[in-house]
1. Report, in deg cm²/dmol and to the nearest 500, the calculated mean residue ellipticity at 222 nm for the chain, where each DSSP H run with n ≥ 4 adds -39500 (n - 2.57) and the sum is divided by the residue count.
2. Using 0.36 nm per residue, how much length does the chain from residue 139 to residue 89 gain when fully extended, once their Cα-Cα distance is taken away?
3. On the principal axes of its Cα set, how long, how wide and how thick is the chain? Give whole Å, largest value first.
4. If a paramagnetic tag sat 7 Å from the Cα of residue 127 along the Cα-Cβ line, which residues of region 62-82 would have the backbone N under 19 Å from that point?
5. Can you tell me the orientation of helix 37-52 relative to the chain, as the angle in degrees between its alpha-carbon axis and the longest Cα principal axis, to the nearest 10?
6. Where the convex hull is taken over the Cα atoms of region 66-127, what is its projected area averaged over directions, in nm²?
7. Treating the angle as unsigned and between 0 and 90°, give the value, to the nearest 10°, between the Cα long axis of helix 95-112 and the longest Cα principal axis of the chain.
8. So if each residue of separation counts as 0.36 nm, and I subtract the Cα-Cα distance between residue 81 and residue 11, what length gain in nm does that give?
């Protein structure tokens, strides 16, 4: 019986992650989501998920700080792709907590590469995720 509940929880997490990933292309494009409905849905759900997985801000601080420095252009696209490598490494180190973070943020980075406005929206998204993470009891 306990195994059945565990699978149900994993299934729920999978559904949450898939819904976030489905809405990310709109969320990170201000023309498709001018009021931010998808943006704030994705940010809040991702923040909740990270808090539920006991991800600490310390685990993602380096990635967030790097993200804030990126300017769009060839070098910016290179830096975004480097972030994916750092996320992959971090997700492997903290596999239990960071699996969903990697899935969501890898997709978000792909979208951020599509233009300067998407990159700026991605930076805002990351900041909002951290804010919601803390609001839902995420640890420092």
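1. When only DSSP H runs of four or more count, the value is -27500 deg cm²/dmol.
2. 15.9 nm
3. Largest first, the chain extends 53, 32, 23 Å along its Cα principal axes.
4. Residues passing the 19 Å test: 62-73, 80.
5. Computed tilt is about 50 degrees.
6. 3.7 nm²
7. Result, in degrees: 30.
8. 22.3 nm
Taken together, the values in this text are just the output of simple stated rules run on the coordinates, not laboratory data. Model, not experiment: these values are computed from the prediction. We place every Cβ from the backbone using ideal geometry, glycine too, and count neighbours over all the protein chains shown.
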